[in-house]
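Heads up: the structure comes next, in C-alpha cells.
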Amino acid sequence: MIYMYTATFIIDDSYVYARVPDLPNCITSAHTLEEAIDLITDAASVWLVSAEDDGEAIPAASAQSDLDIPQGAVVSLIRIDTIAYRAATDTRAVRKNVSLPAWMATLADKRGINCSQVLQDGLLAKLS
C-alpha cells in the first residue's frame, strides 16, 4: 500500500527531531534534515507494516491545517510504500507448493522458464 503523511521537523543546534503526528510514537532524530527525512520515512514504514501485519486500523492522514504543528517546525509530506519496504527488508524465501498441469511444467522446463520467478512476478503485479 502507498500512504502519504505529514511529518514535522524541529531543527535545533545539533539535532533534527522528526515525527509523524498521525502515527502515535512515530518519532526519530538525526543530525541533518536530509537524514531525518530518510529516518522518519523508515520509521513510518515500520509502523505501517507492523499495523498491516497485526490487522490494526491504519489512521487516515490528517489535513495539515488540523495538525498541532510546533512553532518554527518544518513540515513535509512523506510517501510510504509498504510493499516496496517489505521487498527491501524481508528477503526471506518461503517455500510454497503449487500445482501445475504436467504438460505446462514440462513445457516450462523445456523453455527454461523459472516457475518460482514467474509466480513472484505475477504476485507482485497483483499486490501492487
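Ranked by the mean number of other Cβ atoms within 10 Å of their residues, highest first, the peptides 11-21, 101-111 fall in the order 11-21, 101-111.
Each of Met4 and Val94 was given a label point 7 Å from its Cα along the Cα-to-Cβ line. The distance between the two points is 3.1 nm. Summing +1 for each Lys or Arg and -1 for each Asp or Glu among the other residues whose beta-carbon sits under 9 angstrom from that of Ile2 gives 0. Each of Leu23, Leu67, Leu123 has some number of other Cβ atoms within 10 Å of its Cβ, and from fewest to most they run Leu123, Leu67, Leu23. Taking Cβ atoms as reference points and 13 Å as the exclusive limit, the residues near Ala30 contribute a net charge of -4, counting Lys and Arg as +1 and Asp and Glu as -1.
Stokes-Einstein diffusion of the stretch 40-128 at 10 °C, 1.306 mPa s viscosity, Kirkwood radius from Cα pairs, rounded to a whole number: 93 µm²/s. If R0 is 22 Å, the Cβ-Cβ spacing of Asn114 and Asp53 corresponds to a FRET efficiency of close to 0.20. Set the Förster radius R0 to 22 Å, insert the Cβ-Cβ distance between Ile69 and Tyr15 as r into 1/(1 + (r/R0)^6), and round the FRET efficiency to 0.05. My answer for the efficiency is 0.75.
Computed from the coordinates by the stated procedures, all read-outs in this text should not be read as laboratory data. From a predicted model like this one, the values you see are computed outputs, not experimental measurements. Using ideal geometry, Cβ is built from the backbone for each residue, glycine included, and neighbour counts are taken over all protein chains shown.
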